[in-house]
1. Would the range 230-253 turn up any residue that is within 16 Å of the ligand (Cβ to nearest atom), among the β-branched types (Val, Ile, Thr) and not in a helix (DSSP H, G or I)?
2. Would you be able to say whether some residue in the range 455-466 is assigned to a loop (DSSP other than H, G, I, E, B), in contact with a strand residue (DSSP E or B) (Cβ under 8 Å, 6 or more places away or on another chain), surrounded by fewer than 18 Cβ atoms within 10 Å (Cβ to Cβ) and modelled with pLDDT of 85 or more?
3. In the set ASP152, ASP163, which member is assigned to a helix (DSSP H, G or I), free of Cβ contacts under 8 Å to residues at least 40 places away in the same chain and more than 26 Å from the chain's Cα centre (by Cα)?
4. Of the residues GLY429, GLY407, GLY423, which is at pLDDT below 95 and not in a strand (DSSP E or B)?
5. Of all residues in the range 92-133, which are modelled with pLDDT of 95 or more and over 27 Å from SER335 (Cβ atoms)?
6. Looking at SER450, is it in the same structural domain as ASP512 (by TED's automatic domain parsing) and either within 26 Å of ASN236 (Cα to Cα) or surrounded by fewer than 19 Cβ atoms within 10 Å (Cβ to Cβ) (or both)?
7. Restricting to the range 303-336, name every residue that is assigned to a strand (DSSP E or B) and more than 10 Å from the ligand (Cβ to nearest atom).
8. What's the number of the only condition in (1) in contact (Cβ under 8 Å) with a residue 24 or more places away in the chain; (2) surrounded by fewer than 20 Cβ atoms within 10 Å (Cβ to Cβ); (3) away from the ligand (no atom under 12 Å from the Cβ); (4) not charged (D, E, K, R) that GLN291 fails to meet?
Amino acid sequence: MTLHGLMQDEPLLISSLIRHAAEQHGDREVVARTCEGPVHHSSWAEVERRGSRLAEALRALGVGEGDRVATLAWNTHRHLECFYGVSGIGAVLHTVNPRLFEEQIEYIVRHAEDRVLVFDLEFLPLVEKLATKCPDVQHFVLLAEGKDIPADATLANLHAYEDLLTAQTGQFVWPDFDERAASSLCYTSGTTGNPKGVLYSHRSTVLHALGANQPGVFGLKPTDCVMGMAPLYHANGWAMPYVLPLAGAKYVLPGSQIEPAACQELIEDERVTAAFAVPTVWTMMLGYLAQTGKKLETLERTFIGGTAVSQALRDAYRDDHGVEVVHLWGMTETSPLGTIGTPTARVAELPKEARDEQLLKQGRIPFGVKMKIVGGDGEEVKRDGEDFGAMWVKGPWIASGYFKGEGGDVLDPDGWFPTGDVGTFDEFGYMKITDRTKDVIKSGGEWISSIDLENLASAHPKVQLAAAVAAYHPKWDERPILVVVPVPGETVAKEDVLGTLEGKIAKWWMPDDVVVLDELPMTATGKIRKATLREQLWNHLVESAS
Ligand code: AMP
């Protein structure tokens, strides 16, 4: 029989993070640009106070444990409060990506069976349309004051967020419950088919916050001031809402504006020391800095992930702006932290060139994540930086499946999760991504489904075959291009093909170019060899621009 330890069994709950921050770092600031533009100043104590009022209000609306509460919102102080008000009562915070195409949003809200929909004012027209199609949604909460509700709003059960908060007693006490209870839900369109929901738990979230902030990983301190530029709907805003109260750091949120001018101003005004965003955001920022001669005086470190960081980007920040770039890899399914490119003692001692090359890799595995890379022969690859294979991960903050069993059993018999990425390990234990087994295109850090584009393009009567592949783009990293083979004897024009997509996809999904070919490279089983096409056309946009 096991001899159990005699230590207390306190559940790991998300509410414990904000309670800690309110008690120990209550006056540390939380600063957010509002959707209207002006900057709002608050504190961890204030986030806890208002979050608990939201919790009380949601209970009064009948929201119970396990109920889903959706948000369609930007990086604001009110959205941050939802991370505590919703999960803190055992309900599930479902952050919806407002940049998805309307039909995908409808699919996601219906699939999640959201009971409450919380949204920024600019999404009111969208929400009014959704209301007619999503019967499970019983209450709508506008992230504003009562006076901001437009007179012609048609939604039944529409509440103003500020009015809901004011109406509460303020006597709420955060409840205890099972740490394995679901806490939040993010849908990912990373693979083929419909978006799938990653359902986090309180336990996974708290362990991830602790793990991600280990020394040598994020290592954020109370003296840090951190700007979270990753949208709060992308893998819980890269866990910033959980990591920063734990660290007692100052939190700066850019609102709806991640344009360089607005962000640079906020970084300077708030004296930001560390920031998190995808490469596209940092590329745009570099252009702005070069154009205006402005600086990022206080910024010490940028954490970059979502797509690979280029050497040019890393070098420009380090050499021209004195900002260290830390490369990380992760997925919605990994909460999101998977690996991080910080130096070990051995790597720190390498000659400069070798060290520089090493730290451009996606990085090492922190405590809490296990990773194996399996080659085509079913064996784990040699750790020589050359041998590559499929990456599998395991750990307490890695998904074990998707919401409602979508996608079936995803784990292998030993409990490993397939990332869909292909990579190498080297002698220093650093992982480098060499390819993706998935064919989706990642523009500005967000997925575009190649299959959706192909299906629509193939619907054109003169198109026989269509393939959508990523091409390199200096600003967005990747943009989609369509490769089509016309029906024999026919000719197709670019405008013709793009015309069939118009109105059926989000504007930013529109391919940047259409390439017409006589034939496509095919596999033995009759599938289009997309990897070959991608390779051939990777520089297509750059070449045609010049
Ligand atoms: P998402 O779930 O949207 O965060 O997408 C996760 C996917 O983004 C991963 O499976 C990778 O294919 C890709 N990804 C994330 N970080 C990196 C990185 N640092 N380098 C290359 N690809 C990355």
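1. No, every residue in the range 230-253 fails to be within 16 Å of the ligand (Cβ to nearest atom), among the β-branched types (Val, Ile, Thr) and not in a helix (DSSP H, G or I).
2. Within the range 455-466 (the criterion being assigned to a loop (DSSP other than H, G, I, E, B), in contact with a strand residue (DSSP E or B) (Cβ under 8 Å, 6 or more places away or on another chain), surrounded by fewer than 18 Cβ atoms within 10 Å (Cβ to Cβ) and modelled with pLDDT of 85 or more), the answer is yes, since at least one residue qualifies.
3. Values: ASP152 fails: assigned to a helix (DSSP H, G or I).
None of the others qualify; the one that does is ASP163.
4. GLY407
5. Of everything in the range 92-133, those that are modelled with pLDDT of 95 or more and over 27 Å from SER335 (Cβ atoms) turn out to be LEU121, GLU122, LEU124, PRO125, LEU126, VAL127, GLU128, LYS129, LEU130, ALA131, THR132, LYS133.
6. yes
7. Within the range 303-336, the first condition is being assigned to a strand (DSSP E or B), and the residues that meet it are 303-304, 324-330.
Residues satisfying the conditions are PHE303, GLU324, VAL325, VAL326.
8. Of everything listed in (1) in contact (Cβ under 8 Å) with a residue 24 or more places away in the chain; (2) surrounded by fewer than 20 Cβ atoms within 10 Å (Cβ to Cβ); (3) away from the ligand (no atom under 12 Å from the Cβ); (4) not charged (D, E, K, R), GLN291 misses just condition (1).
The values are calculated or read from the model by the stated rules, or taken from the named source; none is laboratory data. The model shown is predicted, which means the values in this text are computed figures rather than measured ones. Don't worry about glycine lacking a Cβ; one is built from the backbone with ideal geometry, like all the others, and counts go over all protein chains shown.
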